[in-house]
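Engineer: Have a look at this one.
Just so it is clear, none of the values below were taken in a lab; they were calculated from the coordinates. Note that the coordinates shown come from a computational prediction; the quantities given were computed from them, not determined experimentally. Don't worry about glycine lacking a Cβ; one is built from the backbone with ideal geometry, like all the others, and counts go over all protein chains shown.
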Amino acid sequence: MPDVHQLKRRACEAVDRHAAELTAAADWIHAHPEIGHQEVEASSRLSGMLSQAGIPVEMGTAGMATAFKAELNGSHGGRPRVAILAEYDALPGLGHGCGHNLIGTSAIGAGLALREVLPELDGSVWLLGTPAEESAAPNAGGKVHMVKGGVFDEVDAAIMFHPATETTITGDRSLAARGFEFYFRGKAAHAAGMPEEGINALDAVVQMYNAVSMLRQQVRSDVRIHGIILSGGAAANIIPDYAAIRYRTRADDADYLAEVVQRVVVCAEGAAKATGCQLEWKEYMPSYENTLPNGVVMELMLNNLRSLGLDVATERKRKGRGSTDFGNVSRRVPGVEARIAITEDWDVPGHSIEFREAARSDRGRQAMLYAAKGLAMTAIDLLADPETLRRAKALLEQDLGGI
Ligand SMILES: [Zn+2]
Ligand SMILES: [Zn+2]
């Protein structure tokens, strides 16, 4: 077995050597936010850092223009293969309010570090640039598209980092999430002269919104239903003949979520019937499954982050949960998303201006460098000992069977 401690130390030194380049890239991406599937500059900057280091990069993975895949080979290449995932999309209007500029650069940092030690290990590492994690972009869920495209069929474990307000490795699962749009069509008429001739599509949206707001009280407390009105009419003096609303629906598990979705659809149907509108609806993005953090990989990551001197908790103070397309990955291959604090204040909400500012702070940059080291060290652990990977896979099978 290779000298794992020595390989990890060398990988960490390599991250330190690349620190200036990595933080410059993180700051640049932060200053040039691009929403999902439009991350042209970010994906080219990140993949460019790999190409410059002599690592071959394929763009357009799984049919997505801003996705990429870079392969780093160990002594024999091929399997086992660990994937390190990069995200780099921003939020509309808010910029990098989720700190994905730090995720992308942490993965590249890990890759640059691993390049130096991989020749002493078997197997390989894929750095995957996964676009559009935020559900704000049409056809979001780059990792879901990669899962469907078979990318993870050739992977044995997947790891990534997400900035947070607390440094934690926990078994908490993200929420399963789906997204729907409802389109109501009515009939335009002069709102003062002949309102009785009109069929008011905005009224249908308002009816639906109110019905869903009432539904919220009659579902399990883990459920989240939240939406925005996409269209509410063209002018106040025209009865709106078209209105539309988008909802995200979430719950602990996919089965209960499917029940909730049915009830949301009934709210839309009821609103259409009450107002006389025609209704069409569609699921506008792929489902995000709830995550299944793998206990074996979690432990490796926990020990590695602690060995770097980080104070890592195994429980979170802030209990709110979001959703991620990493959920779909975590049900195909063993994996973990490490969370490292980018602010002193654990109460700062995600998707906020404060969180965005933390993503370009010194603390944020340091967290990204710690993450690069933790990812590289965990990849070394997974490649160095086939028995660990076997245990991680067995645990995934067991966890999946238990649901
Ligand atoms: Zn987010
Ligand atoms: Zn995020």
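Engineer: If I fit a long axis through the Cα atoms of helix 386-401 and take the longest principal axis of the Cα atoms of the chain, what angle between them do I get, 0 to 90°, rounded to 10?
Structural biologist: Tilt relative to the chain: about 20 degrees.
Engineer: Given a Förster distance of 22 Å, report the FRET efficiency between residue 362 and residue 94 from their Cβ-Cβ distance, rounded to the nearest 0.05.
Structural biologist: 0.55
Engineer: Most fluctuating residue of 158, 14, 188 in a GNM of the chain with Cα springs under 10 Å: which is it?
Structural biologist: 188
Engineer: So, by mean Cβ neighbours within 10 angstrom, what's the order for 27-33, 126-132, 69-75, 4-10 with the highest one leading?
Structural biologist: 126-132, 69-75, 27-33, 4-10
Engineer: Could you go through region 34-43 in sequence order and give the Karplus-derived ³J(HN,Hα) for each residue, using 6.51 cos²θ - 1.76 cosθ + 1.60 with θ = phi - 60°, rounded to whole Hz, and x for Gly and Pro?
Structural biologist: 10, 7, x, 6, 10, 7, 5, 5, 5, 5
Engineer: While we're here: Between residue 83 and residues 5 or more places away or on another chain, which pairs have amide H atoms under 5 Å apart, with H built 1.01 Å from N, and which residues are they?
Structural biologist: Answer set, sorted by chain and number: 126, 156, 157, 158, 159.
Engineer: Moving on. Using modelled backbone amide H atoms (1.01 Å from N, in-plane), which distant-in-sequence or interchain residues come within less than 5 Å of residue 339's amide H?
Structural biologist: Here the answer is 162, 168, since their amide H atoms fall under 5 Å of that of residue 339.
Engineer: Sort 324-330, 349-355, 89-95 for me by packing, meaning the mean count of neighbouring Cβ atoms within 10 Å per residue, highest on top.
Structural biologist: My ranking of the peptides, most packed first, is 324-330, 89-95, 349-355.
Engineer: Just add up the charged neighbours of residue 166: K/R +1, D/E -1, any other residue whose Cβ is under 12 Å from the Cβ of residue 166.
Structural biologist: -1
Engineer: Please figure out what share of the DSSP beta bridges in region 51-210 is antiparallel and state it in percent, rounded to the nearest 5.
Structural biologist: 55
Engineer: Then there is this: Output the 0 to 90 degree angle, nearest 10, between the alpha-carbon long axis of helix 295-307 and the longest principal axis computed from the alpha carbons of the chain.
Structural biologist: Once rounded, the angle reads 60 degrees.
Engineer: How far, in degrees from 0 to 90, does helix 254-275 lean away from the longest principal axis of the Cα atoms of the chain, to the nearest 10?
Structural biologist: Approximately 20 degrees, to the nearest 10.
Engineer: Count charges around residue 74 for me, please; just the other residues with Cβ under 14 Å from its Cβ, Lys/Arg as +1, Asp/Glu as -1.
Structural biologist: Residues near residue 74 contribute -4 overall.
Engineer: Sticking with this structure for a sec: What nm distance separates the two modelled labels at residue 236 and residue 318, each placed 7 Å from Cα along Cα→Cβ?
Structural biologist: Roughly 3.8 nm, to one decimal.
Engineer: Under a Cβ-only charge scheme (Lys and Arg +1, Asp and Glu -1), can you give me the dipole magnitude of the chain about the Cα centre, in debye to the nearest 20?
Structural biologist: Using Cβ point charges on Lys, Arg, Asp and Glu, the chain gives about 340 debye.
Engineer: With a point put 7 Å past each Cα toward its Cβ, work out how far residue 32 is from residue 79 in nm, to one decimal.
Structural biologist: According to this spin-label approximation, the distance is 3.9 nm.
Engineer: Given 243, 186, 215, which one lies farthest toward the positive end of the charge dipole of region 172-284, if we put +1 on the Cβ of every Lys and Arg and -1 on the Cβ of every Asp and Glu?
Structural biologist: 215
Engineer: Highest first, please rank the peptides 40-48, 288-296 by the mean number of other Cβ atoms sitting within 10 Å of their residues.
Structural biologist: 288-296, 40-48
Engineer: How big is the dipole moment of region 1-95 about its Cα centre under a simple scheme where the beta carbon of each Lys and Arg is +1, that of each Asp and Glu is -1, and everything else is neutral? Debye, nearest 20, please.
Structural biologist: It comes to approximately 460 debye.
Engineer: Can I ask one more? Based on DSSP H runs of at least 4 residues, each adding -39500 (n - 2.57), what is the mean residue ellipticity at 222 nm of the chain after dividing by all its residues, to the nearest 500 deg cm²/dmol?
Structural biologist: Calculated from helices alone, the mean residue ellipticity at 222 nm is -13000 deg cm²/dmol.
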